[in-house]
Amino acid sequence: MKSKAVKSYPIAIPNISGNEKKYLKECADTQFVSSVGPFVDKFESKLASCSGFSHASAVSSGTSALTIAQHVLGIQYNDLVIIPDYTFIATANSVAQNQASPWLMDINSDDLNINFLLMIQEILDNCSYKRGKWFHNISKQELKCIIPVMALGNSISGKDVDAFNEKIGLPIIVDAAGALGTTDVNENMGKLNILAATISFNGNKTFTCGGGGAVLTNDTKFHNQVKHLSTTARSGYEYIHDKTAFNYRMTNVQAAIGYAQLERFDEFIQTKKTVNDYYRNNIVSPKIIFPENKDSAHWLSYFVANRLTKDEIYEMYDFANDKGVHLRPFWVPMHKQPPYKKSISSSLKISKKIYSKVITLPSSTSLRAADLIYITKVINTYLRNFDV
C-alpha cells in the first residue's frame with residue numbers, strides 16, 4: 001500500500017485564481033499578444049494607482065527596470081553607486097551593466113535594509129564634495145546615486161530618506177523588487193522623496209506577470225525618458241530611432257496577467273500580513289527572533305535563527321523539507337559573490353553575521369489556516385529540541 005503523499009509548501013508560488021485566464025483569452029482573441037496592446041496601458045495605470053506614484057513604466061524584468069533607471073539618470077563608465085551588501089545580485093549587476101562600480105554598504109539587523117546613518121557617515125568620511133558632485137577620495141570615482149533595497153518587502157523610513165537628501169543630496173533609486181504594497185507610516189511608497197522605485201513581477205513575487213518589471217516615479221521628464229529608451233527610442237510612425245536604446249518592453253500577455261493580479265491588490269497584501277502575523281504569534285523559541293517591521297509588505301515571511309548553529313539550521317531545513325515545508329536560506333551578500341568581492345565597502349559587520357541566519361518561510365497568498373497550522377507545527381517540533 002502506497003503511503004499518502006506529503007503536501008508541498010514552497011516559499012512562494014503564484015496565485016492565479018482571479019481573472020488571469022479571462023484576460024489571456026482576450027489577448028488571444030484580439031491577437032494582441034506582443035509588446036503592443038491595451039493591457040500594458042491598463043496595467044501601468046493600475047500599478048501607479050496601487051503604489052502611489054504618478055507614473056509607471058512596464059518593462060521586461062526587475063533587472064531591466066534597475067538598469068534603465070540608472071541609464072536615464074546618467075550612470076556611466078567608472079561611476080560609483082552605493083548598494084547594500086545584502087541584496088539579490090541583480091542590484092549589483094544592474095550597476096555593472098551601466099559600466100559603473102558598486103560601493104557595498106552594511107545593513108540594519110532589524111529590517112535587513114541599508115543603514116542610512118552609516119551610509120551618510122561613510123560618504124562624509126570617504127568622499128569630497130567638489131563643484132556640486134561627490135568624489136571618492138581613494139578611487140577618485142564620482143558617486144552618482146544610491147540604490148537602497150527593500151529587503152523581503154521591508155519598508156524604508158521616509159525620515160531616513162529625508163535626512164540623506166538634506167545631508168548628501170544624491171538621487172535615490174529604490175530597489176523595491178518584492179515590496180509592492182510596502183508603506184511608511186501608512187503612506188504609499190510613492191510618498192517617499194526619491195527619484196524612482198523599481199519592481200519585479202517574477203513568479204515568486206506577491207504580484208506576478210510571469211516575469212517583467214516596472215519603473216515607478218513622480219518625475220514626468222524621467223518617466224518619459226524611461227518609456228522612450230526602454231521601447232527602442234522609436235520617434236515616429238516610421239522606423240526612426242533617435243537614440244541608442246533598449247528593447248525592454250513588457251508584452252500585452254504579461255500585462256494582462258499583471259492587471260488581473262493588481263485587481264486583488266488589497267486582498268493579497270492583507271493575506272501576506274495575515275500569514276506573517278500567524279507565524280510571528282505561533283512560532284516560539286528562544287533560538288529565533290522575528291524582526292519587527294509593521295510597514296512591510298511581507299513579500300516573504302522570515303525569522304532570524306540567531307541562536308542556532310549552521311549545522312542546526314541545515315538540520316532544520318532537512319527536517320522540514322522531508323515533511324513538505326520548504327524552508328530556505330536567502331540572499332548571499334555581494335562581498336561573497338565572485339564579481340564583487342573586490343568592491344569598495346563599509347565594514348559589513350551586520351551583513352556578514354546575519355545573512356546565514358535568515359530563514360524564509362512558505363509565504364504564498366494561497367495558504368489557508370490549516371496550512372499555516374501544519375507549517376507552524378513542523379517548525380515548532382524541530383525547535384522544541386532546544387527547549388531547556
Between the DSSP loop rule and a limit of at most 12 other Cβ atoms within 10 Å, which trypsin sites (Lys or Arg not before Pro) in the range 324-361 are left? 341, 342
Using a Förster distance of 22 Å, the FRET efficiency for residue 281-residue 312 (Cβ separation, nearest 0.05): 0.40
With -39,500 (n - 2.57) per DSSP H segment of 4 or more residues and division by the full residue count of the chain, the 222 nm estimate, nearest 500 deg cm²/dmol, is -11000 deg cm²/dmol
In terms of Cα to Cα distance under 29 Å, which lysines are near enough to residue 140, apart from those fewer than 8 places away along the same chain? 130, 167, 336, 341, 342, 349, 352
When 41, 175 are arranged by how many other beta-carbons sit within 10 Å of their Cβ, fewest first, they go 41, 175
What list of ³J(HN,Hα) couplings, whole Hz, do you get for the range 221-234 from phi and the Karplus terms 6.51, -1.76, 1.60, once you set θ to phi - 60° and write x for glycine and proline? 5, 4, 4, 4, 5, 4, 4, 5, 6, 7, 10, 6, 6, 6
Exposure proxy check: 230, 101 ranked by fewest other beta carbons within 10 Å? 101, 230
Qualifying trypsin sites (Lys or Arg not before Pro) for the range 25-54 [loop in DSSP, other Cβ within 10 Å: at most 12]: none
Where both partners of a DSSP beta bridge lie in the range 20-262, what percent of those bridges are antiparallel, to the nearest 5? 60
Fewest first, what order do 120, 146, 168 take by the number of other Cβ atoms within 10 Å? 120, 168, 146
Just flag the trypsin sites (Lys or Arg not before Pro) in the range 82-144 sitting in loop per DSSP whose Cβ has no more than 11 other Cβ atoms within 10 Å. 131, 140
Environment charge at residue 265 (Cβ cut-off 12 Å; Lys +1, Arg +1, Asp -1, Glu -1): 0
Based on DSSP loop calls and a cut-off of at most 11 other Cβ atoms within 10 Å, the longest stretch of the chain free of exposed GluC sites (Glu not before Pro) is what? 1-237
Residue 353 to residue 386: extension gain in nm, 0.36 nm per residue of separation minus the Cα-Cα distance? 9.7 nm
When the chain is fully extended, how far beyond the present Cα-Cα distance does residue 294 get from residue 110, taking 0.36 nm per residue of separation? 65.1 nm
Are any of the pairs 159/227; 25/273; 21/42; 7/377 more than 21 Å apart by Cα-Cα distance, and if so, which? 159/227; 25/273
Centroid-to-centroid separation of the range 311-327 and the range 162-202 [C-alpha atoms, Å]: 35
Residue by residue through the range 94-100, which ³J(HN,Hα) values in whole Hz follow from phi under the Karplus form 6.51 cos²θ - 1.76 cosθ + 1.60 (θ = phi - 60°), with glycine and proline marked x? 5, 5, 5, 5, 9, 6, 9
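Quick note: the coordinates plus some simple rules give every number you see, no bench work behind them. Predicted model only: the values in this text are computed from it and were never measured. Neighbour counts are summed over all protein chains in view; Cβ atoms, including those assigned to glycine, are modelled from backbone coordinates with ideal geometry.
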